[in-house]
Amino acid sequence: MKTILKTNIAVKDICEGFIYNELEGKGLFGLSGKLTIQPEYQRNYIYASDGGKREVAVIESILKGYPIGLIYFNVVSENNPEVLDGQQRITSAGRFVTGKFAIQDENGMQYFDAMAKDKKDKILETKLLIYECEGTESQIKEWGRLYEQYHKKAYDSKKISAEARKLYGDPYIKNRKGIFEFILGGAVDTKLLEVRIFDETTKKAVYATQTDKAKKKGKSNCPHCAIGHDANKSKVWSFNEMDADHVAAWSKGGATSIKNCEMLRKTHNQTKGNR
C-alpha cells in the first residue's frame, strides 16, 4: 500500500466548486471537481440531523484551532481521489462556507458570509491532515490506526528499516503483517508476530532429557520448581503438564531450536512472558 501524508490542502481548496444537493446527498465534489466527497458506497450526510449539533461542532473546532482528525483519500485514478473517511467533516465545512447553516458567536447567529473577515479567513485557510492512499480500505484504516497510536513518538527511520528487514527475513515469524506494529510498540509484544513454536519432536526430546537429569538429582523436572521452597521442588511433572519455552527469549535473539528449548510447568511458562 502506498501512502502520502498531505498537509497543504486547506478548507478553501476542498470547498472549491462545492455544491450540496439535499435531495441527492451523494456524489458531492470538491477540489474543483477532482475530489469525490461522497462516493456511492458511503452513507448519506448525517451531521445535519439532531439539530445540526455535529456540523456546528466541526466549525467551532476549526475556529478554536482544534484538529478535526485524520482524513483519508483513496486514489481511484490519477489526480482523482475520493474520500474514504472524513466526508461528514468535509461536507460540514462545505455546507457552512456555502451558507447552508449558521453558528452562534458573540454577535449572535452568523452565516459564513456575514462573519468577520478574520474568522472567515481562519476557516478557509485551515490546513487539513490528509492521508492520500492507494490500497484496500482495510489496509488504509490499519495504516491510519498505527499513525494515530504512534505518530507522537520520535523514531529513527534507518533503525526501523533495519529492524523490519531483519524480521521479514526471520523464518520463525508467521505473521509478517504485525512487524511494523511490533517495532513501533517497542519490540515487546511477540503475539503480533505469531512466532513459531517448538515442534512436538523437539518438545518430547527435551522433556525426556530434562526429566532424566532431574530424577537422577532428585529434583523437579521444571527448572523453576527445582529452585523453589515448596513441595513442588522435587515434583516430576508429566509431559502434558509442561510447555516448551525459549531459554533466551526469541525477541532478544533466541532461536527456536532444540538448544534453546526448555520445558516448564505450564503455570511458570505463562508467567515468564518475554523475560
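Computed from the coordinates by the stated procedures, all read-outs in this text should not be read as laboratory data. Computed from a prediction, not measured in an experiment: that's the story for all the values here. Note that each Cβ is placed from the backbone with ideal geometry, even for glycine, and that neighbours are counted across all protein chains shown.
Summary of values
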quantity: At most 15 other Cβ within 10 Å, DSSP loop - chymotrypsin sites (Phe, Trp or Tyr not before Pro), the range 113-158; calculated: Tyr155
quantity: Principal-axis tilt of helix 137-150 within the chain, Cα atoms, nearest 10 degrees; calculated: 80 degrees
quantity: Placed amide H near Leu35: partners under 5 Å, 5+ positions off or other chain; calculated: Gly30
quantity: The chain, helix-only ellipticity at 222 nm - DSSP H runs n ≥ 4, -39,500 (n - 2.57), divided by all residues, nearest 500; calculated: -10000 deg cm²/dmol
quantity: Test item: Cα-centred dipole of the chain, Lys/Arg +1 and Asp/Glu -1 on Cβ, debye; calculated: 1980 debye
quantity: Farthest positive-ward along the range 119-217 dipole, Cα basis, beta-carbon charges - from Thr136, Ser161, Leu192; calculated: Leu192
quantity: Helix axis angle, 87-97 relative to the chain longest principal axis, alpha carbon, degrees; calculated: 20 degrees
quantity: Label corresponding to P(r) over Cα pairs in 10 Å bins from 0, in percent when calculated from the structure given, among [x] 6, 21, 20, 14, 12, 11, 10, 5, 1, 0; [y] 6, 24, 29, 23, 12, 5, 1, 0; [z] 6, 28, 34, 23, 8, 1; calculated: [x]
quantity: Above-threshold pairs, the threshold being 22 Å between Cα atoms, out of Lys2/Lys158; Lys204/Lys252; Lys34/Lys120; Lys64/Lys117; calculated: Lys204/Lys252; Lys34/Lys120
quantity: Against the rule of thumb 2.2 N^0.38 Å, how large the Cα Rg of the range 124-265 comes out; calculated: 1.51
quantity: Phi-based couplings in Hz for the range 213-222 (Karplus 6.51, -1.76, 1.60; Gly and Pro marked x); calculated: 5, 5, 5, 5, 8, x, 10, 5, 7, 9
quantity: The range 141-248: trypsin sites (Lys or Arg not before Pro) in DSSP loop, at most 10 other beta carbons within 10 Å; calculated: Lys152, Lys153
quantity: Length-normalised contact order for the chain - Cα pairs under 8 Å, 6+ apart - percent; calculated: 14 percent
quantity: No Cys partner within the rule (Cβ under 4.7 Å), the chain; calculated: Cys15, Cys133, Cys261
